[in-house]
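The values are calculated or read from the model by the stated rules, or taken from the named source; none is laboratory data. These figures come from a predicted structure and were not determined experimentally. Virtual Cβ from ideal backbone geometry, glycine too; neighbours counted across all protein chains shown. Ligands, DNA and RNA are excluded from the accessible area calculation, which covers all protein heavy atoms including side chains. Shrake-Rupley method; radii C 1.70, N 1.55, O 1.52, S 1.80 Å.
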Amino acid sequence: MTEQKASKGTYYITTPIYYPSSKLHIGHTYCTVMADAMARFKRLSGYDVRFQTGTDEHGLKIMQKAREKGVTPQEYVDEVVAGIKDLWNTMEISYDDFVRTTQPRHVKRVQAIFNKMNEKGDIYKGKYEGWYCTPCESYWTESQLVNGCCPDCGRPVEWASEDAYFFRLSKYQDRVLKLLEDPDFLKPKERRNEMIEFVKQGLDDLCISRSSFDWGIQVPIDPNSVIYVWLDALTNYITTLGYPDDPEEFNKYWPADVHLVGKEIVRFHSVIWPAMLMSLDLPMPKHVMGHGWLLIDGGKMSKSKGNVVDPVFLIHRYGVDALKYFLLREYTFGQDGVYTNEVMLKRMNYDLANDLGNLLSRTVAMIEKYCGGIVPPAGTFDDIDEDLKKTALSVAPALEDHMNDFQFNLALEDIWVLVRRANKYIDEKMPWAMAKDPEKKEELDTCLHNLAEALRIISILLIPFMHTTSERMQEQLGLTGEKIRWDDAFSFEKMDGEKVTKGDPLFPRLDIDKELKELNEIQKKQMAEAKKKADKEAADVKLKPEIEFEDFDKIDLRVGTIMKAEKVEGADKLLKFRVRIGNEERQILSGVAEYFKPEELVGKKVIVVANLKPRKIRGEESQGMLIFADTGKKFELVTSSADDGSKVR
Ligand code: MSP
């Protein structure tokens, strides 16, 4: 395939940089496959494309995973990232740059960016408190929690507090809102409306450093803190372009044309990232496109739940192109979609093996049989010929419109309108009957010529989605270089005299019932194993980094008696206690309201962290902390029969 000269300017598209916490699943594949199709489409239509993907390698979770495995975080990510690169290579993902946030080129530029934001007066030092979800590396406010748990992954959160640097996100609230009001910036509109509502509720300044662990990029002005993993990650889109020290590549490709992201990280890309760019006085990305999730059994497919489908397994069984086709054809951009083996197998069998595969093999076989393998010239067209030609010529413009709108499924449907029309054309024309009548030679030639033309156009338009299949079609159609440029999909007169050669079927025909049974069984086993692993990891992940004995010894634990317990108005999670410790009484607040009725706790003995610095929660002072056992699903009281005031050692 000859690409057109890049005459239309640049096109910079990115995927999220994935966490290399474990192997990627078909949900990640879905996003990358869309970005790849778009990058290929834009290259073919004459853009100088830069397609970037990569991995987001810092943060507490990765550090903990490495520790569990007994390796360094760098060793841990190196291994997982090698697997991710293998996956993209197997899938023939045409990325131009793969960024790893541990690369020196990224690290030094993130620090320079931090300094610039600081010089601008947008960074200050403060204290951070909030509900922290370790697996998601996210702090949440009380009101964002769902049933007291992380709104993203549904896991329990824990109260965390630390000295930290803050980014003045609130300063950019009005400008971000204005940006979101431009209907072109964030799509689809459901995401845009959500974000507008979110920003209208007011933006708090953002905590952008962590001091409780060290697997991250050091804050350039503070050796004891690392930069918050999201600030580190978001800047990948410009650090790889050389910002801020190398303006050439940066000016060539920035602003990005599209950040393609899953809907759960739209907030980071359409609110926080623009505010950071505003702080740096840089232009905004042109579009943020938020895609929906692949669901399985009603829930989001996700590593932490173990309900994941392995793309490598599917590729080995059905091939790269069949999987890409299914992902791009089945789901509507922006909406969630349910993954099922049955729908996948039907798409592969009916659309690919039957409709497309048959059209090619029937046409090539007839050209070989009736015309010695040489595509004959066309004669006069009747209405049916005209209709086929009209359909063929309408596909490319329709497809371009759908692609520019990220409607991959409709773009493929455009091609299949022609595939189905051409199959119907064969049934209507019955070339095998014409072949018996020498007077119909011209009609037969016209028919086979037109079918070859339709297939040529189909083979070109398929390149962004399934380029290997497209090449295999072109091989059988005898097409090379000159006649398969993107622009050639807009004309209907290129096939005269080409030599066709029958090849293997494009896609094998599947016995769906049998295949489905086998596939379901294999996947059930795979998922059970993945779930077991994820559950084990979930339990392990809560282990915090080691501390010294001296650190532990600073904690004064005492037995206390709950004298009074009541709800806190306006805070669903909180209970307020009066706790007697020896001859002293304290007020202590705990986020356990959903697990206990206040009255059932009165009179109970509890363990109290007695020397925790008092702090305000929801305007009320809490003078200590009660200890509970967190099972992951509920909290249980940790109690003692000793007199209150007793030390717990
Ligand atoms: N590291 C961050 C992104 C930083 S970008 C500056 C992150 N990584 S991730 O590994 O969790 O990948 C998230 C992305 O993977 C989603 O935004 C989405 O594109 C894709 N998907 C993960 N699970 C998915 C589904 N179940 N369905 C569809 N896409 C999914 O967030």
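For the reader, a short list of remarks on this structure follows.
- Computed from Cα atoms alone, the Kirkwood hydrodynamic radius reported for the stretch 103-225 is 16.4 Å.
- Per residue, in Å², the accessible surface of the stretch 549-648 once ligands and nucleic acids are set aside, probe 1.4 Å: 57
- Distance histogram in 5 Å bins (all Cα pairs of the stretch 177-278, percent per bin): 2, 11, 19, 19, 19, 15, 11, 4, 0
- Inter-centroid distance (Cα atoms) of the stretch 123-191 relative to the stretch 444-467, Å: 50
- Accessible surface, the stretch 341-490, averaged per residue in Å² (probe 1.4 Å): 38
- Pair-distance distribution of the stretch 1-142: all C-alpha pairs, bin width 10 Å, starting at 0; shares per bin in whole percent are 10, 29, 32, 21, 7, 1.
- Peptide ranges 436-447, 93-104 listed from the most packed, as the mean C-beta count within 10 angstrom indicates: 93-104, 436-447
- Ellipsoid fit via the Cα gyration tensor, the chain: semi-axes of 59, 27, 20 Å, each the root of five times an eigenvalue, largest first.
- Per-residue ellipticity at 222 nm from helix content only, as computed over the chain with -39500 (n - 2.57) for each DSSP H run of at least four residues, stands at -12500 deg cm²/dmol.
- Carbon/sulfur fraction of accessible area - the stretch 178-225, other protein chains in place, 1.4 Å, %: 46
- For the stretch 560-611 versus the stretch 12-76, the inter-centroid distance based on Cα atoms is 45 Å.
- Estimated Rh, the stretch 119-168: Kirkwood, alpha-carbon pairs, angstrom: 11.8
- Rh by Kirkwood over Cα pairs, then Stokes-Einstein D for the stretch 341-490 at 0.692 mPa s and 37 °C, µm²/s: 208
- Sequentially through the stretch 202-215, phi angles give Karplus couplings (6.51, -1.76, 1.60; θ = phi - 60°) of x, 9, 7, 4, 10, 6, 10, 9, 9, 10, 8, 8, 10, 8 Hz, Gly and Pro residues having no value and appearing as x.
- Extreme residue, positive dipole direction of the stretch 341-490, given options A365, H402, N423 (C-beta unit charges): A365
- Charge dipole magnitude, Cβ of K and R +1, D and E -1 - the chain, Cα centre, debye nearest 20: 1620
- 13 Å tail of the calculated P(r), the stretch 306-355, as % of Cα pairs: 59
- Its alpha carbons considered, the stretch 412-568 gives a radius of gyration followed by a Dmax of 32.3, 105 Å.
- The base-10 log of I(q)/I(0) for the stretch 549-648, evaluated at q = 0.13, 0.18, 0.24 Å⁻¹, reads -0.42, -0.82, -1.38 [Debye formula, identical scatterers on Cα atoms, solvent excluded].
- A 1.4 Å probe run over the stretch 33-115, with the rest of the protein chains in place, finds 32 Å² accessible per residue.
- Note on the stretch 274-350: with neighbouring protein chains present and a 1.4 Å probe, carbon and sulfur make up 53 percent of its accessible heavy-atom surface.
- For the peptides 517-525, 591-599, 49-57, the ranking by mean Cβ contacts within 10 Å, running from highest to lowest, is 49-57, 591-599, 517-525.
- Inter-label distance, nm, simple model (7 Å from Cα along the C-beta direction), E439/K567: 9.1
- Over all Cα atoms in the stretch 4-48, the spread is summed up by Rg and Dmax: 13.3, 40 Å.
- The share of accessible area on the stretch 551-649 that comes from carbon and sulfur is 47 percent, using a 1.4 angstrom probe.
- A dipole drawn for the chain from +1 and -1 charges on Cβ atoms has a positive end, and of G603, M63, M466 the residue lying farthest that way is G603.
- Within the stretch 252-317, the percentage of alpha carbon pairs spaced more than 13 angstrom apart rounds to 72%.
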